[in-house]
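A short write-up of the structure that comes next.
The values are calculated or read from the model by the stated rules, or taken from the named source; none is laboratory data. This is a predicted model, so every value here is computed, not measured. In this analysis, Cβ positions are derived from the backbone assuming ideal geometry, glycine residues included, and neighbour counts consider all displayed protein chains. Just the protein is used for accessible areas: all its heavy atoms, side chains included, with ligands, DNA and RNA removed. Shrake-Rupley method; radii C 1.70, N 1.55, O 1.52, S 1.80 Å.
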Amino acid sequence: MQDFRDRLEAAYDAWGESGGTTPAQFFELMDEAIEFHSVLEREFPSDAVSGPFCGKAAVIGYWTAIAESWEMLSSRTEAVVGEGDRIVWIGRVRWRHRRTLRELETPKIDVWTVWQDRAIRYYEMIDSASYARAVEHPVREQA
């Protein structure tokens with residue numbers, strides 16, 4: 001598990017240093033049948049980056065959609081923690097939406113589930129209200 005954690009941390013470092021243009025190290029860590037989920041999938045089901053994405057090919061499509069819609073301005077790791085079969089990346093990201101030119105700066109938490117040294121599940125959490133403002137999507141009022 002420590003080897004996976006080290007490789008995952010290196011993938012985040014490379015991704016941040018490249019401005020979000022080099023996700024290949026993440027793909028090397030994934031099982032072919034990975035499940036990729038986001039907090040966005042419930043609120044924005046028709047958004048190209050909200051998910052869910054099942055299988056490595058679909059996850060590559062997710063990263064393609066991000067590159068087409070967003071420009072990464074920064075990514076910073078605050079902590080990488082793990083217990084059992086889970087590794088959690090905690091950090092902050094800043095993106096600019098290519099259509100609206102609005103920025104999204106948000107805490108980001110990614111939970112990776114690992115089995116036999118391969119990522120089999122991923123869950124991403126970001127500030128969905130800030131995301132909605134950046135893409136100019138109406139924010140639903142809570143009842």
May I ask for the distance between the Cα centers of the range 46-62 and the range 76-126, given as a whole number of Å? 15
For the range 29-143, build the charge dipole from Cβ charges (+1 Lys, Arg; -1 Asp, Glu) around the Cα centre, then report which of H137, G82, H37 sits farthest towards its positive end. H137
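How much net charge surrounds K108 when only the other residues with a Cβ under 12 Å from the Cβ of K108 are counted, with Lys and Arg +1 and Asp and Glu -1?
Taking every other residue near K108 into account, the sum is -2.
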Mind checking the log10 I(q)/I(0) for the range 90-142 at q = 0.13 Å⁻¹? Debye, one equal scatterer per Cα, no solvent, two decimals. -0.43
Using the heavy atoms of the protein chains alone and a 1.4 angstrom probe, what is the accessible area of the range 1-109 per residue in square angstrom? 52
Net charge of neighbours whose Cβ lies under 11 Å from the Cβ of E78, counting Lys and Arg as +1 and Asp and Glu as -1: +3
Point-charge dipole on Cβ atoms (K/R +1, D/E -1) for the chain, about Cα centre, debye to 20: 420
Summarise the accessible area of the chain (1.4 Å probe, protein heavy atoms) by the percent that is carbon and sulfur. 50
Calculate how many DSSP beta bridges within the range 1-136 are antiparallel, expressed in % of all such bridges and rounded to the nearest 5. 85
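Tell me what the chain gives for mean residue ellipticity at 222 nm when only DSSP H runs of n ≥ 4 count, each as -39,500 (n - 2.57), the sum divided by the residue total, rounded to 500 deg cm²/dmol.
Working: 5 runs with 47 residues, N = 143.
Result for the chain: -9500 deg cm²/dmol, rounded to the nearest 500.
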Students often get this wrong, so try it: which of (i) 24, 16, 15; (ii) 26, 20, 14; (iii) 41, 18, 14 is semi-axes √(5λ) of the Cα gyration tensor in Å as calculated from the structure shown? (i)
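Local charge sum around D3 (other residues, Cβ-Cβ under 13 Å, Lys/Arg +1, Asp/Glu -1)? Intermediate values should be presented prior to the final figure.
On the way: positive: R5, R7, R118; negative: D6, E9, E28, D117.
Around D3, the surrounding residues sum to -1.
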For S130 and K56, extending 7 Å from Cα along the Cα-Cβ vector and measuring point to point gives, in nm, a value of 3.2
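Return a whole-number percent for the relative contact order of the range 52-117, with Cα pairs under 8 Å and 6 or more residues apart as the contact set.
Relative contact order comes out at 26 percent.
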